[in-house]
1. Can Val271 be described as over 19 Å from Thr198 (Cβ atoms) and surrounded by 11 or more Cβ atoms within 10 Å (Cβ to Cβ)?
2. Would you mind stating whether Thr46 is touching a residue at least 12 places away in the same chain (Cβ under 8 Å), assigned to a loop (DSSP other than H, G, I, E, B) and out of contact with any helix residue (DSSP H, G or I) (no Cβ under 6 Å at 6 or more places or on another chain)?
3. Does Ile72 count as in a strand (DSSP E or B), under 39 Å from the mean Cα position of the chain (by Cα) and surrounded by fewer than 17 Cβ atoms within 10 Å (Cβ to Cβ)?
4. Counting only residues that are of a type outside the set (A, V, I, L, M) and farther than 23 Å from Tyr190 by Cα, give me the strands (runs of 3 or more DSSP E) lying completely in region 220-281 with at least 1 of them.
5. Can you tell which of Gly253, Gly247, Gly229 is surrounded by fewer than 14 Cβ atoms within 10 Å (Cβ to Cβ) and on the phi > 0 side of the Ramachandran plot?
6. Can you say whether Ile224 is modelled with pLDDT of 95 or more, under 20 Å from Arg291 (Cβ atoms), out of contact with any Pro (no Cβ under 8 Å at 6 or more places or on another chain) and not aromatic (Phe, Trp, Tyr), as far as the supplied structure shows?
7. Restricting attention to region 242-257, does a residue exist that is of a type in the set (Asp, Glu), closer than 17 Å to Pro199 by Cα and under 53 Å from the mean Cα position of the chain (by Cα)?
8. Taking region 28-69 as the search range and keeping residues that are more than 39 Å from the chain's Cα centre (by Cα), closer than 24 Å to Ile102 by Cα and hydrophobic (A, V, I, L, M, F, W, C), which one is surrounded by the fewest Cβ atoms within 10 Å (Cβ to Cβ)?
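The values are calculated or read from the model by the stated rules, or taken from the named source; none is laboratory data. This structure is a prediction, so every number in the text was calculated from the model and none was measured. Positions of Cβ are backbone-derived with ideal geometry, glycine not excepted, and every protein chain shown enters the neighbour counts.
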Amino acid sequence: MKRNILIAFLFFNFSALAQSSAFIYGGGNLCDNAGTIDIEISFTGTAPWNVVYTIDNVDQSTISTSVNPYTIQTTAAGVYTVSSVSDAVGVGTTSGSAIVSILQAPTAQFTVEADTLSVIYPTAKFQDKTLNATAWSWNFGDNTAFDNSQNPVHTFDSIVGVYQITLVTTHANGCTDTTFRQLWVNDEYYIYIPSSFTPDWDGMNDKLCLYYNAIRENTFDFKIYDMRGEVVFFTKNIKNMVCDNLGKKGWDGTHRKSSKELPIGSYVYEVYFQDFEGWKHHDFGFLHLVR
């Protein structure tokens, strides 16, 4: 009989020593655009636990859990404590606290002079419009290095395409925000035909040549007329008319049939082509042959 009493006494004391407890910790600063922040409650004792935590001394709903530690994901500011805990054995003790502070994040925004650039001049000026930002990170979407200036000027490669501009701004409190905007680099067409040339073979301006961009080469048709309306030169090969450093390309001022040098004077050119979008262009102009 005494032995049974002793065992019961020892079991009672062991249970008393194994009283449950709840310790709350975690929290910190949370930017108001950053989702949630974690608070942890660690337990001792025998699962499951019934626990009530408070925010600024206001009790929240009772939580029943066997998870240890238990995670509270929250967006609410305040001081978090545990007001009560119990397990399968009985009521336990509580300790610890966690503080959550909500910080205002910046609203990232910027402007750009134009949403469409030409491959001829693919440079854009960006202006940050974010309030209270202290740091900037620009990604121009063209595999170049990030730019950390506030109002950058950026030149894109002369490659037609849509580029996504990303700006990440940082507030003095460490919070960040991100914004996006798209910019198009457009393949703008042009063709430049000089108004005169001097086929005197002094090594300067001896042939009539041209420059072009974004033209469908297989649509090119070029004719030169004398003042009587006779075609003295024509070609469909635009590549043979492009100015080069060696002076081998272009028209040398000779008649297309006789190959004789044409006289000094005024001539008329007619050019037809389609730009890269398929728009048709048919133009005329005067040119002067000077020897």
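1. Details: over 19 Å from Thr198 (Cβ atoms): yes; surrounded by 11 or more Cβ atoms within 10 Å (Cβ to Cβ): yes.
When the stated conditions are applied, Val271 passes them.
2. Here the answer is yes, as Thr46 does meet what is asked.
3. Values: in a strand (DSSP E or B): yes; under 39 Å from the mean Cα position of the chain (by Cα): yes; surrounded by fewer than 17 Cβ atoms within 10 Å (Cβ to Cβ): no.
Judged against the criteria, Ile72 is not a match.
4. So the answer is 265-274.
5. Numbers: Gly253 fails: surrounded by fewer than 14 Cβ atoms within 10 Å (Cβ to Cβ); Gly247 fails: surrounded by fewer than 14 Cβ atoms within 10 Å (Cβ to Cβ).
Sole residue among the options that is surrounded by fewer than 14 Cβ atoms within 10 Å (Cβ to Cβ) and on the phi > 0 side of the Ramachandran plot: Gly229.
6. yes
7. yes
8. Within region 28-69, the match that is surrounded by the fewest Cβ atoms within 10 Å (Cβ to Cβ) is Val58.
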